Amino acid sequence: MKKLFFLVVFLLSGSVFAQKAVRFQSVIARPEAKPRDNFKAIFYLSQDFRFERNENMGYSPHRLMSLGFGLRYLGRYVGFIEGGSFNESTGVGNVQVNRKFETVNFSGALMTQAWGIAPYVGLGLGVARDTADITVDGADSNNRSNWEPISHFFGGVRFFPRTTAWVSLEGKFVVGPRIDPNPAPGFLVRLGLEL
Amino acid sequence: MRILCLFAFFLALVSCVQSDRDVFPSGPVRVKIPAYGPNGAYEMRVVQLETVDNLKVFGGSSARFYYSPGVEGNSIVGLRPSVKLGKDADGVYFPLDAVSLQILTIYFHSEKLREFDRALDIENLTRWPKTIVLNAQIPGASVYVRHNNAFYWPDRDAMVFVPYTQTSLPIAVNGGVIGHEHFHYIFESLVERQVKKKGMYDEESSTAAGTTIVEGTEGANSCTGTDGRKRYLLLLSRALNEGLADVWAWLYSGDTRFVERSLSLGAGADDVADPTNPLCDEFVGGVKAARRLSKEVDRKAVRDLDSKVKGKIESCKCFHARIVDIEAAAKASGLPRDTSVGLAYHLGSRVAKVVKQFVTGGEGQLKTLGLEDRHKVARALLVGLTKIEKRILSLKDGEWVEPADLVALVTQEMSFVSPENCKYLQSKLGNNERVRVCGSGGKAAVAE
C-alpha cells in the first residue's frame, strides 16, 4: 500500500513537472520571451523551530536544520525540495535515547513581491522517519522507522536586501501520523540566494 | 497548478488523518523495551503487549499513567502523558525518548504482574488498571522519598515513581522493583487493611506531644504490656511487607540483584553491607536499609544490632528495644520519628534473605527456580500472609508476637522444600518452640 502511495506521488509529481516543462518549451519557442527571466533558481538554508512535545509533557522547539533548492517561476510560483534533520537526546540513569528525525519535503508556494518584500503562502508534502539509538545498562539497540508521509502548511514574508539574496520569516504547521502535537506549530528562518 | 493543488490536498489529507491503528490498536502490539534477559542483564527486547488501548496517551486495561499529578480529595488529577514512538519495518514500536521508554516498560510489567497474579488466582485482589504516577514531586518529603524511590500509595491505590537521579538502571525500568511495589498492594489487601481498621498500628510519623517513648533500655527490653506495642506492630508489619516484597520481586522477575541494579550504597554505608556482594545471597533489600540509615545514630544502632543477631531474625525484645532506642535518639536529635523505619527495612532484608535461602537451598549452592516453582513459592507465601493477618488480629491486649513466628507462618506453608533446609531455617529463626517453622516435608526439624 505504501509503495503504491509513493508511486502515485512520484507519477503525479512527474506530471506536474512535465506540464511545466511543456510551458517552458512553449515560452522559449517565442523569441520575445526570456525564459531565464521567468525561472530563477533558489538555494537556501533554513532553521526550523518546531514545537513538539518534550519528555516533560510540555512543548519546546526542536531545531531542524534544512537545506533546500528549487525554482521560482514568473515571480509568483515557487517550488522547492528540501531535506533536514534534528537530533534529540534524552536519558535517565544509565538509559540513553538518542533520536534523529529526518525529513524530505517537496513544497509549493504562491508569492507576490513589491519593493523587495514578498509575502507567500504554500503547502508541502514529504516523508519523515525517526532513528533511535537506545542504550540501556551498556547494551545498545538501533531502531529505525519507515519513511512516513507528512505534510505542512506555511506562510511568511521574504525580504530581498539585494536582488539575489533573501531572508524569509515563516510560520508553519506540520502534520503527520507521528507528529506530536498534530499538527505541530513552528516557525523558521531561511537564508537564500535567487539566481 | 490545479493538479498540483489537488494532489497536495489529497496527500495532506492522507498525512492529516492519523491512522486509527496507530493510536487505537485492535489487538496486541509489539514494542521494544529494556527487560531482564536470560543472560542475567537488562537488554532491549521485543515484547508483546496484549491490553493496550491507546498508543498515544498510553494506557490500557492493565495500567493508566499520570505525569507529575496533583491530588484533589481522594483522586489523583493531572496530565496523562503522551508517548513518542517510532514504528520499524517489522511493525515493532520503539520509544523515542526516555519517558516513553519508562512508560512502555512499566506497562509491560503491569501486564506481566497481572498474568502472574492470574496464575495464582489473585488477579482480583488488586484493582486494574493500575494507577501509575510518574515523576511525582513530593515537596517537604525527606530526600529518600523525593528522589530515587518508588512506593505504593495505599490511600490512592497508586504506584508512585519519583524522579531518578542516580546513574544506574532507572527504577521505573527495573522489573524487580516494580514487582516489589506490586506486592505492597497484595500485602495491603491480605494483611494490613483489617489490622489498620482495628487500630492496631501507631502510624504517627512525627513524635507527637504526649506520645510515650520509653527511653533507656530498662523499660524497652521487654515485650509485655501495652506501651509501644502499636508502634512495634507497625514496624514489624512494615518489615515483613518490605522483606516479603523483595521475595515477591525475585519470584516475579527471576532477578536476584534487582535492588543493586538501581540503587548504589551511599558514602559511609559500607559498614552495613559490602556493596560488591550480590544482594541475592546476602543482602536482598539491604541497600534500602542502608540508604535510609543516613544518620550516624541510625547506622550505629544497626551496626550494634548486626553484631548481636548475626543474620538471624531478631527477637521481639531486641527489635522493640532498637525501635525505642532509635526513636528516643531521633527525638533528642530533632529527627523525625520515622527514622526508625530504617530498622524495618533492615529486618525486612533479613527476612527476604532467610526465606529465599530456605527455598533455594539453605546455606549451600543456590538453585535457579523455573516459573512453575516460583508460582508454587508464591502460593505458599499468599497462604502465609492470610495466616499472618489472622495471627496479628488475634493478639490479645498486651500480647506481643515474635518476628520469627510470623516468618514461620510463611515458611511452614512451603512443604515442598527439602527437609535439610529446615536446619538452616531453624538457625535463623532461633530455637522456635512456639510454631512449626517448616512444612510437612521438614518434620524432622520441626520444633513444635
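The values are calculated or read from the model by the stated rules, or taken from the named source; none is laboratory data. These numbers were taken from a predicted model, which means no experiment stands behind them. With ideal geometry, Cβ positions are generated from the backbone for all residues, glycine too; neighbour counts draw on all protein chains shown. Areas reflect the complete protein model, heavy atoms only, side chains present, ligands, DNA and RNA absent. Shrake-Rupley method; radii C 1.70, N 1.55, O 1.52, S 1.80 Å.
The charge dipole of segment A:122-169, taken about its Cα centre with unit charges on the Cβ atoms of Lys, Arg (+1), Asp and Glu (-1) only, comes to about 540 debye. How many percent of the alpha carbon pairs in segment B:118-184 exceed a separation of 17 Å? Across segment B:118-184, Cα pairs with separations above 17 Å total 44 percent.
Give the average, rounded to an integer, of partner chain Cβ atoms located within 10 angstrom of each Cβ in A:99-108. Mind showing how you got there, number by number?
Values: counts 6, 1, 2, 0, 0, 0, 0, 2, 1, 5.
The per-residue average across the peptide is 2.
Placing dummy labels 7 Å off each Cα toward the beta-carbon, the span from residue B:198 to residue B:30 is 5.2 nm.
Semi-axes of the equivalent ellipsoid for segment A:118-181, computed as √(5λ) from the eigenvalues of its C-alpha gyration tensor and ordered from largest down, come to 36, 16, 10 Å. Convex hull volume of the C-alpha atoms in segment A:35-97, normalised per residue: 84 Å³.
Paramagnetic label reach from residue A:139 (point 7 Å along Cα→Cβ; backbone nitrogen cut-off under 15 Å): within segment B:161-191, residues B:169-170, B:173-176.
Calculate the mean, over all residues of peptide A:128-140, of how many other protein chain Cβ atoms lie within 10 angstrom of the residue's Cβ.
Working: counts 1, 3, 7, 4, 11, 0, 9, 2, 13, 10, 3, 8, 2.
So the per-residue partner count for this stretch is 6.
For the residues of A:80-92, the average number of beta carbons from a partner chain within 10 Å of their own beta carbon is 3. With both labels modelled 7 Å from their Cα along Cα-to-Cβ, the residue B:415 to residue B:396 distance reads 3.0 nm. Each peptide in B:412-424, B:72-84 was scored by the mean count of other Cβ atoms within 10 Å over its residues; highest first, the order is B:412-424, B:72-84.
Counting only protein heavy atoms and a 1.4 Å probe, tell me what percentage of segment A:63-118's accessible area is made up of carbon and sulfur.
Carbon and sulfur together cover 61 percent of it.
Modelled spin-label separation between residue A:112 and residue A:81, with each label point placed 7 Å from Cα along the Cα-to-Cβ direction: 3.1 nm. Put simply, chains B and A cover up around 4000 Å² of each other's accessible surface, both sides summed, when a 1.4 Å probe is used.
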